[in-house]
Amino acid sequence: MSELIVGTVLKPQGIRGELKIKPFTDSAETFAEFKRVFLDGEEYKILSVRTVEGFVYLGLRGVPDRNAAELLRGRQVTIPREEAPGLPEGSYYIADILGSEIVSNEGEMLGVLKDITPSSTDVYTMSANGRDVLFPAAKGVVIEVDVAARRITVDKKRWLEVAVL
C-alpha cells in the first residue's frame, strides 16, 4: 500500500487524547475528508476533526487520554494514496516530487529535491554537491514540474537571485 504523508503530530491537546497536527496539505480542512489515518503504520479511525489557525486537532479511536496521546508525539500522519482527495490540474503531492532532479532552463543539473517546507510559498531544499540549498518555489523561479519524469525546471537567473547557497 502506497502512503502519503499528510502531517506530523506536534503534541497532545487537552486531557481527552486529542492530538495537535501540523498539516502538510494545502488546507487544514482537508483532514475533514479523511475517515482514518496511520501513525507509524498503525491505523486509527478519526472520531473528531477541528481546525484552528492552520493546525488540525484530531480525536482518534484508541487514544483515550493525554498519556496515550503523548506517546504519539512526533509521528508522521499518513493516509493510503487511494484515499487521497483528487488534485486540480497542475497540482501534485509532495511525495510525488521528492527526489526529483532540479535542472536549469539551460539544461544544467543543479541538484536533487530533498525536502519541502510547506508555507504560503513552499521552500524547497535540494542537495547539491554535498550541501543543502534552499529556494522558494515561487512563480518565475520554478518554470515546470514534470512529475512523470521526476524533473523540476527552474529559471537559472531567478534561482540564483533567491537561492540560499
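The values are calculated or read from the model by the stated rules, or taken from the named source; none is laboratory data. Note that this is a predicted model, so its numbers are computed, not measured. As a convention, Cβ positions derive from the backbone with ideal geometry for all residues, glycine included, and neighbour counts pool all protein chains shown.
For the range 42-69, filtering for residues that are exposed (fewer than 14 other Cβ atoms within 10 Å of the Cβ) and touching a strand residue (DSSP E or B) at 6+ places or on another chain (Cβ under 8 Å) leaves 7. Does L110 satisfy being modelled with pLDDT of 95 or more and not assigned by TED's automatic domain parsing to the domain that holds A148? Against the criterion (modelled with pLDDT of 95 or more and not assigned by TED's automatic domain parsing to the domain that holds A148), L110 does not qualify. Do we find a residue being closer than 21 Å to K156 by Cβ, out of contact with any strand residue (DSSP E or B) (no Cβ under 9 Å at 6 or more places or on another chain) and touching a residue at least 12 places away in the same chain (Cβ under 8 Å) anywhere in the range 102-123? Yes, the range 102-123 has at least one match. The residues on offer are L87, L4, L98, L10, and the sole one that is in contact with a helix residue (DSSP H, G or I) (Cβ under 7 Å, 6 or more places away or on another chain) and under 25 Å from L113 (Cα atoms) is L4. For the range 127-159, which residues satisfy the criterion of being crowded, with 16+ Cβ neighbours inside 10 Å and in contact with a Lys or Arg (Cβ under 7 Å, 6 or more places away or on another chain)? Within the range 127-159, V141 is the sole residue that qualifies. The condition of being assigned to a loop (DSSP other than H, G, I, E, B) and either out of contact with any Cys (no Cβ under 7 Å at 6 or more places or on another chain) or crowded, with 16+ Cβ neighbours inside 10 Å (or both) holds for only one of I15, I5, I21, that being I15.
Restricting the range 127-165 to residues that are in a strand (DSSP E or B) and among the β-branched types (V, I, T) leaves a set whose member that is farthest from G90 (Cα to Cα) is V164.
Pick out the one residue from F31, F38 that is surrounded by 13 or more Cβ atoms within 10 Å (Cβ to Cβ), hydrophobic (A, V, I, L, M, F, W, C) and assigned to a strand (DSSP E or B). Walk me through it before giving the result.
Values: F31 fails: assigned to a strand (DSSP E or B).
Of the residues listed, the single one that is surrounded by 13 or more Cβ atoms within 10 Å (Cβ to Cβ), hydrophobic (A, V, I, L, M, F, W, C) and assigned to a strand (DSSP E or B) is F38.
If you go through the range 93-102 one residue at a time, do you hit one that is among the hydroxyl-bearing types (S, T, Y) and not in a strand (DSSP E or B)? Looking through the range 93-102, at least one residue is among the hydroxyl-bearing types (S, T, Y) and not in a strand (DSSP E or B).
So is E106 part of a loop (DSSP other than H, G, I, E, B) and over 27 Å from F34 (Cβ atoms) or not? Break it down stepwise before answering.
On the way: part of a loop (DSSP other than H, G, I, E, B): yes; over 27 Å from F34 (Cβ atoms): yes.
Criteria met by E106.
Taking the condition among the charged types (D, E, K, R) and within 18 Å of T78 (Cβ to Cβ), does K11 pass? Before the answer, list the steps.
Values: among the charged types (D, E, K, R): yes; within 18 Å of T78 (Cβ to Cβ): no.
Judged against the criteria, K11 is not a match.
Just wondering, is there one or more residues in the range 46-57 that are in a strand (DSSP E or B), within 17 Å of I116 (Cα to Cα), in contact (Cβ under 8 Å) with a residue 40 or more places away in the chain and not assigned by TED's automatic domain parsing to the domain that holds Y124? No, there is no match, as no residue in the range 46-57 is in a strand (DSSP E or B), within 17 Å of I116 (Cα to Cα), in contact (Cβ under 8 Å) with a residue 40 or more places away in the chain and not assigned by TED's automatic domain parsing to the domain that holds Y124.
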